[in-house]
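Right, one structure below, let's go through it.
The values are calculated or read from the model by the stated rules, or taken from the named source; none is laboratory data. Bear in mind that the values here come from a model prediction, so they are computed numbers and not experimental data. FYI the Cβ positions are ideal-geometry reconstructions off the backbone, even for glycines, and counts take in every protein chain you see.
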Amino acid sequence: MNIVFFGTSEFGATVLEKLVQANTKPVLVVTTPDKPAGRSLKLTPSPVKVAAQKYSLEVAQPVKLGPAKFDSNLAGPSLIPDLFVVASYGAILPKEVLDVPKKGTLNVHPSLLPTYRGPSPVHTAILNGDKETGVTIMLLDEKMDHGPILAQQEFSIFNFQFSKPTFPELRDKLAELGAELLIKTIPQWVEGKIQAIPQDDSRATYTKIFAKEDGKIDWNRPAEEIECQMRAFTPWPGTFTVFKGHNLKILKVAVFNRNLVQNLVGPSFPKLGPTKFTPGTVFLTEDKKLAIQCGEGALVIEELQLEGKKPMSSKEFLLGHKDIIGSKV
């Protein structure tokens, strides 16, 4: 069967590798053009292109997709696709492209649709502190994550090896589950053994594209919510606050749930009785660990990075920045 695979990100690369390893090798891989990255702006291939080249698969990188371009520039006149498979391609395929394959276009989506349609379902599940998520195999139509469902599999986040996963950890696990479900679904779909079930649009929820500013911490929020924000935005855009006019990335934390703290320790601060600091206040815990007060509870800071500097432990940071104690960030 002639399968054409569309994908771009690490999620798509994992799905592609699993397909090849299961002897479901695409005849063509379509991904986005190489993009400039880093200070040198060197053109960098997508993770899917890297995976495709590893297995010597034919790769096409169109700037724009259309049926004529697909026939002549991508597939060649001799290729008649039976099935398209899409996994995190990063662009909506127009209807005239979706209509090319005889068996339609299947999409691997990392949520239990119609929940979390859109570009960032994994980030959003972590941000919301969800305990359950999953993967969906759906038949694509021209609307975003709207088509009928062929198969779904639930996944319990808190039974996972990483009970509080970061974005890459949860993304990779869902990519593996999605690939396994896709490999089971393809032959059943092709043989007509699966009935596509329309989604209930009244239950649909949507995700958004995140920007760098989404990583800025609002210390008025509960500590648990900020910790979710940190895991969701690892590695990008990261989570940060401001200290002395410079961005201060918070890289690793532990949640400190006590609202009452005993000591504000610093060169200009005497020992105080029990008090609750205003959100954003930096203090030392009773065992001399760096912490920041949140709207509810506090975060013990284990690793951080000042703008223009290398990452360091909070103990190392305090050696050169003792004046952060008692300040508001």
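Do we find a residue being surrounded by 14 or more Cβ atoms within 10 Å (Cβ to Cβ), closer than 24 Å to G297 by Cβ, more than 17 Å from the chain's Cα centre (by Cα) and at pLDDT 95 or above anywhere in the stretch 199-210?
Among the residues of the stretch 199-210, not one is surrounded by 14 or more Cβ atoms within 10 Å (Cβ to Cβ), closer than 24 Å to G297 by Cβ, more than 17 Å from the chain's Cα centre (by Cα) and at pLDDT 95 or above, which makes the answer no.
Having 1 or more residues that are modelled with pLDDT of 95 or more and closer than 30 Å to K131 by Cβ is the bar; report the strands (runs of 3 or more DSSP E) wholly within the stretch 219-329 that clear it.
240-243, 246-256, 298-306
With R231, R171, R221 as the choices, which residue is in contact (Cβ under 8 Å) with a residue 40 or more places away in the chain and outside the structural domain of Q293 (by TED's automatic domain parsing)?
R171
Considering only the stretch 19-37, state which residues are under 22 Å from S120 (Cα atoms) and not in a loop (DSSP other than H, G, I, E, B).
Of everything in the stretch 19-37, those that are under 22 Å from S120 (Cα atoms) and not in a loop (DSSP other than H, G, I, E, B) turn out to be V30, K35, A37.
Do the conditions hold for P114, that is, is it more than 14 Å from the chain's Cα centre (by Cα) and surrounded by fewer than 16 Cβ atoms within 10 Å (Cβ to Cβ)?
no
Report the residue count in the stretch 168-198 for those that are among the basic types (K, R) and more than 21 Å from the chain's Cα centre (by Cα).
2
Condition test on F5, is it within 22 Å of the chain's Cα centre (by Cα) and in a strand (DSSP E or B)?
yes
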